[in-house]
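A.B. asks: Below you'll find the structure I mean.
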Amino acid sequence: MNEKQKQANQVATNQYQSGDEQSEQSVDRGLAMTHEQVLDAYVEGTIDGEIDEVHGEDQEVRREPFKEFQE
């Protein structure tokens, strides 16, 4: 098996683990971010990008990327 295939197999076996937000691996951090986004959408129950009733008023979800992923 060549080196690229070994790396692909390693990435394909990754699963979300709590604490991945602090991981050194970018794949783990990406999985953690995706997990959080899916959970937020599931709990909120909406796709319009608004969070209902935060301190008595609706708020739009941020549209800019996280600073830690900007380079």
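A.B. asks: Cβ-Cβ below 8 Å, separation at least six or inter-chain, first residue in the stretch 34-49 and at pLDDT below 75 and exposed (fewer than 10 other Cβ atoms within 10 Å of the Cβ), second outside any loop (DSSP other than H, G, I, E, B) and aliphatic (A, V, I, L, M): which pairs?
C.D. replies: I47/A41
A.B. asks: Filter the stretch 1-15 down to the residues that are farther than 11 Å from V27 by Cβ and in a loop (DSSP other than H, G, I, E, B), then identify the one that is modelled with the highest pLDDT.
C.D. replies: My answer is N2.
A.B. asks: Let me ask another. When the stretch 15-33 is examined, which residues are found to be among the small types (G, A, S) and surrounded by 12 or more Cβ atoms within 10 Å (Cβ to Cβ)?
C.D. replies: S23, G30, A32
The values are calculated or read from the model by the stated rules, or taken from the named source; none is laboratory data. This one's a predicted model, so the numbers in the text were calculated from it and none came from an experiment. All Cβ positions, glycine included, derive from the backbone under ideal geometry; neighbour counts span all protein chains shown.
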